[in-house]
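The values are calculated or read from the model by the stated rules, or taken from the named source; none is laboratory data. Remember, predicted model here, so these are calculated numbers, not experimental data. Every residue, glycine among them, receives a Cβ derived from its backbone with ideal geometry; neighbour counts consider all protein chains shown. Heads up: the accessible areas ignore ligands, DNA and RNA and are worked out on the full protein's heavy atoms, side chains in. Shrake-Rupley method; radii C 1.70, N 1.55, O 1.52, S 1.80 Å.
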Amino acid sequence: MPEGPHDVRLLHGLRGRMRDGVRLSADVYLPATGGPFPTIVTRTPYESLRDVFTENGVWWARRGYAFVIQDCRGRFGSEGVFHAYVPEIEDGYDTLDWVAGQPWCDGKIGMWGRSYGGLTQWLSAPLASPHLTCMAPHVICDDHFGDCHYLGGAFQLLLSLCAAVVWETNLALVVGRHAPRLFQNAKFWAHLPLIEMDERAIGRKIPYWREWLEHPVRDDYWRLLRVTDRYGRVTAPVFQQGGWYDAYPGSCLRIHEGMTRGAATSRARKQTRTVIGPWSHEVPEAWTVGDLEFGPDAFVDVREEERRWFDWQLRGVDDGIGDEPPLRWFTTGANRWRAGEEWPPSGVEVANWYLHSGGRANRDDDAWLDPEPPGDEPPDRFDYDPRDPAPSLGGNLSSRLLTTHAETPMRGGPVEQTPIERRTDVLVYTSPPLERDLEVTGPIELVLYAESDGRDTDFVARVTDVDPEGGSFVLTEGILRARYRGGPDRMDLLEPNSAAQFRIGLYPMSHVFRAGHRIRLQITSSCFPRFSRNLNTGEDVATGTRMRTARNTVLHSAGYPSHLRLPLAASGERA
């Protein structure tokens with residue numbers, strides 16, 4: 001297609017009517033001549049005229065596509081009232097109906113979007129629009145309860161509140177330089193009860209913020225939004241990009257498995273593609289994440305990958321993508337790409353690495369981690385005070401952008417952990433230096449035996465890579481609120497000072513611990529303000545205000561063998 005200064009034309013503010021009569025506004029970018037065109041649709045609550053969308057619109061139009069950017073219901077140019085999630089189910093389906101009837105659309109329609117723009121695709125996908133050819137939903141989850149708002153039952157405070165404020169106002173209010181004077185500060189995040197934080201932030205109630213807090217178990221409110229159980233209704237193949245240090249790598253890989261094994265059509269099962277690399281929530285732009293550098297091979301031009309995908313799906317241009325393995329992942333430590341048909345890859349065996357200590361895991365180096373089961377060992381104890389919680393530092397994060405100018409900006413990825421590990425409310429278990437390279441690829445789980453003198457508490461686990469100089473870089477993490485130890489559908493408070501088992505799912509990873517490095521496990525009871533503090537009283541998450549210090553005890557003995565389940569490549573690092 002010829003390129004020049006006037007090779008794209010814009011149709012601004014087109015109106016598409018939804019089934020209830022509400023009209024949603026869309027901007028459409030088209031090649032200057034010709035048509036109709038294969039069409040890519042994205043739906044957003046972040047304003048269709050944001051520079052990221054206009055730049056994408058021009059880029060795709062110059063490559064022969066119609067690119068549609070629609071404001072979600074109640075946002076910016078669209079009519080109606082915005083309410084997170086549920087309206088996207090039918091609005092997404094109706095939007096495809098409207099687009100298919102436009103003279104500039106050739107009937108081949110794909111959807112694209114990151115974060116909420118990916119969520120809008122998944123919510124409407126099970127309705128199986130006959131107009132939908134393919135999707136590209138990046139860095140997003142398929143379970144709003146367990147992956148987004150209540151990880152392990154712990155309420156994801158910072159993301160939930162910041163997202164709600166953005167969706168009620170605009171992104172500039174949350175990420176601008178004035179944000180710390182409004183609500184992005186320590187005093188604001190410490191406020192209780194949580195249910196009032198919407199009013200503290202913008203002076204009025206946000207209905208869906210309160211709904212999230214009023215539904216603290218996976219009930220019908222959340223099941224309506226859960227795509228995990230609906231892959232059998234999805235007819236269109238998917239291309240998704242995920243990041244090991246995003247908040248959704250587990251969901252990304254679960255989506256891949258659900259689609260390749262259970263999608264409604266053979267085409268969707270066979271043509272789904274996934275790439276997951278050493279990135280966080282944002283578009284990959286460099287090969288340094290957190291405090292580690294992964295080399296130039298870690299960079300992937302995601303938009304170029306999207307172009308190959310849409311050319312294949314919407315134009316029938318197969319440049320070899322049809323014969324490529326459906327899953328590609330980057331193995332950190334080795335810093336190389338791998339590809340395969342399944343996750344976890346074949347040859348992985350789960351090994352138990354047990355916690356040991358002389359009862360002083362938070363005071364000196366007398367604590368270790370190895371494959372030998374424990375014998376008669378004293379437990380480790382620490383006091384968790386919700387008035388002085390351990391701060392969030394690195395790890396799996398999707399809210400870095402939202403704290404750009406906060407009083408304390410958040411950092412994601414493999415950030416060095418010494419400031420956390422020095423705290424007296426953090427236990428640290430470290431393996432001896434490894435004699436050979438050891439690859440860990442797959443899902444990670446901590447089986448923890450512990451007790452607390454409170455009716456409820458949290459347990460946070462992190463796995464780090466300790467280099468020969470002593471730097472400890474977080475690779476993955478997980479959290480479990482004790483009342484959810486029986487699962488997300490019910491709450492069961494603790495019997496104080498009674499031992500219980502806690503199975504803490506950590507995010508999956510693919511990492512080679514090099515010879516001479518050590519594997520470290522952190523255990524603590526807070527990660528604030530990413531997650532709300534457990535007040536240790538068993539009060540309701542939305543309305544609780546009473547705090548107490550909890551004495552938490554980690555058991556590691558023959559009767560209570562706390563251990564980390566590591567998926568090991570059968571022969572160490574693979575070529």
Note: among PRO443, PRO409, PRO378, just one is without any contact (Cβ under 8 Å) to a residue 60 or more places away in the chain, within 20 Å of GLU477 (Cα to Cα) and not polar (S, T, N, Q), namely PRO409
Is there a residue being β-branched (Val, Ile, Thr) and either at pLDDT below 95 or out of contact with any strand residue (DSSP E or B) (no Cβ under 9 Å at 6 or more places or on another chain) (or both) anywhere in the range 504-521?
-> no
Members of the range 480-504 found to be open to solvent by 50 Å² or more (accessible area, probe 1.4 Å) and at negative phi, listed by number = ARG485, GLY486, ASP489, ARG490, MET491, ASP492, LEU493, GLU495, GLN501, ARG503
Taking the stated definitions as given, is MET491 in contact (Cβ under 8 Å) with a residue 60 or more places away in the chain, of a type in the set (A, V, I, L, M), over 24 Å from LEU192 (Cα atoms) and touching a helix residue (DSSP H, G or I) at 6+ places or on another chain (Cβ under 8 Å)?
-> no
Just a yes or no: is a residue in the range 243-255 more than 15 Å from the chain's Cα centre (by Cα), open to solvent by 10 Å² or more (accessible area, probe 1.4 Å) and not hydroxyl-bearing (Ser, Thr, Tyr)?
-> no
Please list, ordered by first then second residue, the pairs with beta carbon atoms under 7 Å, 6 or more apart or interchain, first in the range 130-150 and more than 15 Å from SER399 (Cα to Cα) and open to solvent by 20 Å² or more (accessible area, probe 1.4 Å), second of a type in the set (Gly, Ala, Ser) and part of a helix (DSSP H, G or I).
-> HIS131/ALA100
Report yes if some residue within the range 307-324 is touching a strand residue (DSSP E or B) at 6+ places or on another chain (Cβ under 7 Å) and closer than 16 Å to HIS511 by Cβ; otherwise report no.
-> no
Taking GLN184 as meeting all but one of (1) more than 22 Å from ILE444 (Cα to Cα); (2) under 20 Å from the mean Cα position of the chain (by Cα); (3) modelled with pLDDT under 95, write down the number of the exception.
-> (2)
Contacts under 7 angstrom Cβ, first residue in the range 313-326 being under 15 Å from ALA136 (Cβ atoms) and open to solvent by less than 30 Å² (accessible area, probe 1.4 Å), partner modelled with pLDDT of 95 or more and among the small types (Gly, Ala, Ser), 6 or more apart = GLN313/GLY110; LEU314/GLY110
Going by the conditions given, is ILE69 of a type outside the set (Ser, Thr, Tyr), in contact with a helix residue (DSSP H, G or I) (Cβ under 6 Å, 6 or more places away or on another chain), in a strand (DSSP E or B) and modelled with pLDDT of 95 or more?
-> yes
Condition set in contact with a helix residue (DSSP H, G or I) (Cβ under 7 Å, 6 or more places away or on another chain) and either surrounded by fewer than 22 Cβ atoms within 10 Å (Cβ to Cβ) or charged (D, E, K, R) (or both), scope the range 276-286, selection farthest from GLY113 (Cα to Cα): answer is PRO284
Answer residue from the range 104-116, given it is in contact with a Lys or Arg (Cβ under 9 Å, 6 or more places away or on another chain) and open to solvent by less than 10 Å² (accessible area, probe 1.4 Å) and is nearest to PHE145 (Cα to Cα) among those | TYR116
For VAL8, indicate whether it is surrounded by fewer than 21 Cβ atoms within 10 Å (Cβ to Cβ) and farther than 26 Å from TRP167 by Cα.
-> yes
Scope the range 287-302; condition open to solvent by 50 Å² or more (accessible area, probe 1.4 Å) and out of contact with any helix residue (DSSP H, G or I) (no Cβ under 7 Å at 6 or more places or on another chain); matching residues | THR288, ASP291, GLU293, PRO296, ASP297, PHE299, ASP301
Output the residues belonging to the range 67-91 that are among the small types (Gly, Ala, Ser) and buried (at least 22 other Cβ atoms within 10 Å of the Cβ).
-> SER78, ALA84
Restricting the range 416-445 to residues that are in a strand (DSSP E or B) and β-branched (Val, Ile, Thr), which is farthest from PRO468 (Cα to Cα)?
-> ILE444
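Looking at LEU171, is it over 26 Å from ASN534 (Cα atoms), at pLDDT below 95 and open to solvent by 20 Å² or more (accessible area, probe 1.4 Å)? Walk me through how you get there before you give the answer.
Numbers: over 26 Å from ASN534 (Cα atoms): yes; at pLDDT below 95: yes; open to solvent by 20 Å² or more (accessible area, probe 1.4 Å): yes.
Taking the combined requirement at face value, the residue satisfies it.
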Determine whether LEU434 is open to solvent by less than 40 Å² (accessible area, probe 1.4 Å), within 26 Å of VAL512 (Cβ to Cβ), touching a residue at least 12 places away in the same chain (Cβ under 8 Å) and touching a His at 6+ places or on another chain (Cβ under 8 Å).
-> yes
Mind checking which residues of the range 57-66 are open to solvent by 20 Å² or more (accessible area, probe 1.4 Å) and either at positive phi or assigned to a loop (DSSP other than H, G, I, E, B) (or both)?
-> ARG62, ARG63
Does any residue of the range 39-56 turn out to be over 21 Å from THR272 (Cα atoms), surrounded by fewer than 24 Cβ atoms within 10 Å (Cβ to Cβ), in contact with a Phe, Trp or Tyr (Cβ under 6 Å, 6 or more places away or on another chain) and not hydroxyl-bearing (Ser, Thr, Tyr)?
-> yes
